[in-house]
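Engineer: Dropping the structure in here first, questions after.
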Amino acid sequence: MNEKREHPRLELSSTALIAGFKRAWLANVQDISTGGARVAKPLDWSNPGYTPLTLYFIFDQDTVVPMRATLVRDAPDHLGFWFKSGQDEELGRLLYESRFANSG
């Protein structure tokens, strides 16, 4: 059965720093789309509630792409984020860098 999504997912093997107000968590990215991202839930995760979050996608020490996002899913094993609008340049860079992260 093919999954029909508004924004198809692209598997991604990278790390993201989830930064909230006064707190941050490192997480493994599972996949991204033009709409958002799914990351493995950090072991020390504590839902910050409604707070502005930024996901810093870390590809290497020189390549970090920040995306402002809203937490939309807090599942037992993963977190789902929706990217805020108005970040077209950052999103383009994220999708561009993802091509290299997956070609290994």
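Engineer: Do we find that V72 is closer than 15 Å to V29 by Cα, in contact with a Phe, Trp or Tyr (Cβ under 6 Å, 6 or more places away or on another chain) and either free of Cβ contacts under 8 Å to residues at least 12 places away in the same chain or surrounded by 11 or more Cβ atoms within 10 Å (Cβ to Cβ) (or both) in this structure?
Structural biologist: Numbers: closer than 15 Å to V29 by Cα: no; in contact with a Phe, Trp or Tyr (Cβ under 6 Å, 6 or more places away or on another chain): yes; either free of Cβ contacts under 8 Å to residues at least 12 places away in the same chain or surrounded by 11 or more Cβ atoms within 10 Å (Cβ to Cβ) (or both): yes.
No, not satisfied.
Engineer: Since K84 meets every condition but one in (1) farther than 20 Å from A24 by Cα; (2) surrounded by fewer than 16 Cβ atoms within 10 Å (Cβ to Cβ); (3) in contact with a strand residue (DSSP E or B) (Cβ under 9 Å, 6 or more places away or on another chain), which condition does it not meet?
Structural biologist: Among (1) farther than 20 Å from A24 by Cα; (2) surrounded by fewer than 16 Cβ atoms within 10 Å (Cβ to Cβ); (3) in contact with a strand residue (DSSP E or B) (Cβ under 9 Å, 6 or more places away or on another chain), the lone unmet condition for K84 is (1).
Engineer: Taking segment 26-69, which residues are out of contact with any strand residue (DSSP E or B) (no Cβ under 6 Å at 6 or more places or on another chain) and touching a residue at least 60 places away in the same chain (Cβ under 8 Å)?
Structural biologist: If the condition is that a residue be out of contact with any strand residue (DSSP E or B) (no Cβ under 6 Å at 6 or more places or on another chain) and touching a residue at least 60 places away in the same chain (Cβ under 8 Å), then T34 is the only one that fits.
Engineer: Further question on the same structure: What is the one condition in (1) out of contact with any Lys or Arg (no Cβ under 7 Å at 6 or more places or on another chain); (2) surrounded by 11 or more Cβ atoms within 10 Å (Cβ to Cβ) that Q61 does not satisfy?
Structural biologist: Just one mismatch for Q61, condition (2).
Engineer: For segment 44-66, name all the residues that are under 19 Å from S13 (Cβ atoms) and hydrophobic (A, V, I, L, M, F, W, C).
Structural biologist: The answer is L55, F57, I58, F59, V64, V65.
Engineer: Residues of segment 21-60 being over 15 Å from W82 (Cα atoms), assigned to a loop (DSSP other than H, G, I, E, B) and small (G, A, S), which ones?
Structural biologist: Passing the criteria: only S46.
Engineer: Could you please tell me which pairs satisfy a Cβ distance under 6 Å, a separation of 6+ or placement on different chains, a first residue in segment 75-86 that is at pLDDT 95 or above and in a loop (DSSP other than H, G, I, E, B), and a second residue that is surrounded by 14 or more Cβ atoms within 10 Å (Cβ to Cβ) and not β-branched (V, I, T)?
Structural biologist: Short answer, once both residue conditions are applied: D77/K41; K84/R68.
Okay, residues lined up against (1) at pLDDT 95 or above; (2) loosely packed, with under 11 Cβ neighbours inside 10 Å; (3) hydrophobic (A, V, I, L, M, F, W, C):
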{"position": "I18", "(1), (2), (3)": "yes, no, yes"}
{"position": "T34", "(1), (2), (3)": "no, no, no"}
{"position": "S46", "(1), (2), (3)": "no, yes, no"}
{"position": "Y56", "(1), (2), (3)": "yes, no, no"}
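The values are calculated or read from the model by the stated rules, or taken from the named source; none is laboratory data. Being a predicted model, the structure only gives us computed values, none of them experimental. Counting neighbours? That spans all protein chains shown, and the Cβs are built from the backbone with ideal geometry, glycine included.
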